[in-house]
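Shown next, in structure tokens, is the structure this report addresses.
Any read-out appearing in this document is the output of simple, stated calculations on the displayed coordinates, not a laboratory observation. Owing to the predicted nature of the structure, the values given are computational and were not obtained by experimental measurement. We place every Cβ from the backbone using ideal geometry, glycine too, and count neighbours over all the protein chains shown.
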Amino acid sequence: MSKNCEIVKDLLPLYADEVCTEESRKLVAEHIAHCSECRAELEKMGKHISVKAETDVNVMKRIRKRMRIEKITVGLISLAVVLGIGIFALLYMVNTLGPMDVLQMSIGEDVRAEVDENGDLTLILKDYAATEDYLMPILSDENGKHMGIDKDFDASKKEGFGVSLMQRKINSFAAFETYDSMDRKIDVFNVNEAEIDRFFIYDEKNNKEYTLWERD
């Protein structure tokens, strides 16, 4: 019998009655995990050994491993959610149109209208203005109110026809970038036939008009 066995056997009654100190309890648990003789002595005292010291270690290892796996899983799920939101936002910006900020883009000089000898009015867009994706038509009345925007718009006093430049929302990231593109020419209406006295670009973002043609 080793010296350790003698010490442990002296502590076994206290260990069995669970009245020994925490330090003694750990000493006994570690010893009986490897000593069958002392473990047999403890079992004679009616003490049921449910968990061995090495089992405690294995349990802790499994818990730590599970915590690491759960931490990695949560991290991957969070990353997937962030990526999903990013992809959704990108698709939204690519596929959703909004009014172009004419003032911010400084494209007032890049938009003009020309009327030929037949009275056909053509809208000409160049540089960044030419990157618009859609022209939103809009009417104005004699009081400067706009259809669909101002509640007091008077359709019986309409005098102007205009368009808002629409663009994909993602274009706003390139607000100060210019493009060396060819002019875009868009036929609008014939001034001799239309009952319109004015044609304008409407900057919905800043509620500002840019008159491009006005009847004499």
Can you spot the aspartates and glutamates whose alpha carbon is less than 19 Å from LYS157's alpha carbon? Ignore those fewer than 8 places along the same chain. ASP141, GLU142, GLU193, GLU195, ASP197, GLU209, GLU214, ASP216
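Among the trypsin sites (Lys or Arg not before Pro) in the range 98-157, which ones are in a DSSP loop with at most 15 other Cβ atoms within 10 Å of the Cβ? Mind listing them?
Sites meeting the loop and neighbour criteria: LYS151.
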Return LEU91, LEU212 ranked ascending by Cβ neighbour count within 10 Å, so the fewest neighbours appear first. LEU91, LEU212
Can you tell me what share of the DSSP beta bridges in the range 102-214 is antiparallel? A percent to the nearest 5 is fine. 85
Cleavage-rule hits, trypsin sites (Lys or Arg not before Pro), the range 185-216, DSSP coil, Cβ neighbours within 10 Å at most 13: ARG215
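Based only on Cα atoms, what Rg/Rh ratio does the range 102-214 have, Rh being taken as Kirkwood's radius?
With Rh from the inverse mean 1/r over Cα pairs, Rg/Rh is 0.98.
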Amide H contacts under 5 Å for LYS208, placed H, 5+ residues apart: ASP203
The distance between the Cα centres of the range 92-161 and the range 10-27, in whole Å, is 89
Do any GluC sites (Glu not before Pro) in the range 124-162 lie in a loop, going by DSSP, with at most 15 other beta-carbon atoms within 10 Å of their beta carbon, and if so which? GLU142
